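Engineer: Have a look at this one.
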Amino acid sequence: MKLRLLISAAILLLLCPQARSQAIYATSSHTVTVVVSTITLVQVSSGVVGLTISGANALAGQDLMTVSNEATNLLWGINSGLKKVVVNSSVATPLFTLKLAALSPSQGTAAPQVTLSTTATDLLLNVGRSSGNCVLQYTAEALASQGTGTDAHTITFTVQNQ
Amino acid sequence: MTARLIGIILSLTAILAAVPDACAQLSVIGGNITATITTGIAGGEPVAVSNSSVTLRYRLQSAITKITVRTSCPGQRFNLGVVAAAVPQGVAAPQVTLVNGMLDVDLIVSIPLKPPSQNQNATLLYTASATFAQGNSAELGNDVHTVTYTLIDQ
């Protein structure tokens, strides 16, 4: 009787997978390597900004006339550490003064307002390993005594080591 | 005599329960792979890359089975996920995020009993991604995952 019971139990174990312990049938491995290249991106939201100082910007009795533009943004994506954004203009001897400030940066720190020249000057600091944007605030200044004219700047933004 | 017979039967039972079918097979076809993230979006994030060049080959068993996945990647810095695509037998689970030291996570479940006995091939779709904040390999090194698949009773 006991023998029959034991044999029945054994057959049950053989036929019923649920009664077995969870069997591992096979394993297989391979290697997956993830490489992230150094990526450094900086981009302006629009290619052209126009600032016109007209009579509307002038006050009688005041020599300095100014106009501002906040229509464009600067965007960046940098996956290296310790980086900053500098800015320079292509115009070596402008007739009028053009200034630039980075407003409300989503990452990093804005440097003080820059008077644009051919010398690269800090615009944004501490933008390493970040992605973000800021408003570009251009301010053109002219003195009434400077007369009329046009400055066409090509503004270049560059990511540099900080 | 009876006791010896009982002993033999129980031993055979234990052996058969512990040792899976002789035809059991699971293999990764396609070897080791590298996923390289090279581009990104200013104001956004690096663009994820996918790789579907590797096949997971498996066989049906005498029990309902599943395939699980885990990874070992000490010092992991970036993101990697895998999902089984074009699964001929069984049901693909949602994409699994591969994290160093993770426990086994289901990749394909409800693999039915055999027959058929021939190999089944599913595509392994890997997706690697990173954020700008996570840095780059030149400064931090690559992530090298040893990804292990297991065919196991469900």
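Just so you know, all these numbers are worked out from the coordinates, no wet-lab data involved. The shown structure was predicted, so the numbers you read here are calculated from the model rather than taken from an experiment. Here the Cβ is made from the backbone with ideal geometry for all residues, glycine too, and neighbour counts use every protein chain on show.
Engineer: What are the residues whose amide H is under 5 Å from the amide H of residue B:102, where those residues sit 5 or more places off or on another chain and H is modelled from the backbone?
Structural biologist: Here the answer is B:71, since their amide H atoms fall under 5 Å of that of residue B:102.
Engineer: Per 0.36 nm of contour for each residue apart, how much would the distance between residue B:62 and residue B:105 grow if the chain were fully extended, relative to their Cα-Cα spacing?
Structural biologist: Values: separation 43, 0.36 × 43 = 15.48 nm, distance 2.20 nm.
That pair, residue B:62 and residue B:105, stretches by 13.3 nm at full extension.
Engineer: In whole Hz, with x marking every Gly and Pro, tabulate ³J(HN,Hα) for segment B:116-125 from phi via Karplus 6.51 cos²θ - 1.76 cosθ + 1.60, θ = phi - 60°.
Structural biologist: The phi angles translate into x, 9, 6, 5, 10, 10, 10, 8, 9, 9 Hz.
Engineer: Sticking with this one: Using Cα pairs under 8 angstrom and six or more residues apart, how large is the relative contact order of chain A, in percent?
Structural biologist: On the way: 308 pairs, mean separation 43.0, N = 162.
Over chain A, the number comes to 27 percent.
Engineer: Kindly list the residues of segment B:58-93 that lie in the label zone of residue B:25, defined by a backbone N under 15 Å from the point 7 Å along the Cα-to-C-beta vector.
Structural biologist: The answer is B:58-62.
Engineer: Compute the label zone of residue A:99 within segment A:54-68: residues whose backbone N is under 19 Å from the point 7 Å along Cα-to-Cβ.
Structural biologist: Flagged as within label range: A:54, A:57-59, A:62-68.
Engineer: By how many nm would the segment from residue A:146 to residue A:71 grow when fully extended, if each residue of separation counts as 0.36 nm and the alpha-carbon distance is taken off?
Structural biologist: On the way: separation 75, 0.36 × 75 = 27.00 nm, distance 2.63 nm.
Between residue A:146 and residue A:71, full extension yields 24.4 nm more.
Engineer: Could I ask something else about it? Mind checking which aspartates and glutamates have their Cα closer than 19 Å to the Cα of residue B:114? Skip sequence neighbours fewer than 8 apart in that chain.
Structural biologist: B:21, B:153
Engineer: Hey, for a label at residue A:118 modelled as a point 7 Å past Cα toward Cβ, could you say which residues of segment A:125-162 have their backbone N under 19 Å away?
Structural biologist: Under 19 Å, as judged by backbone N against the label point of residue A:118, lie A:150-158 of segment A:125-162.
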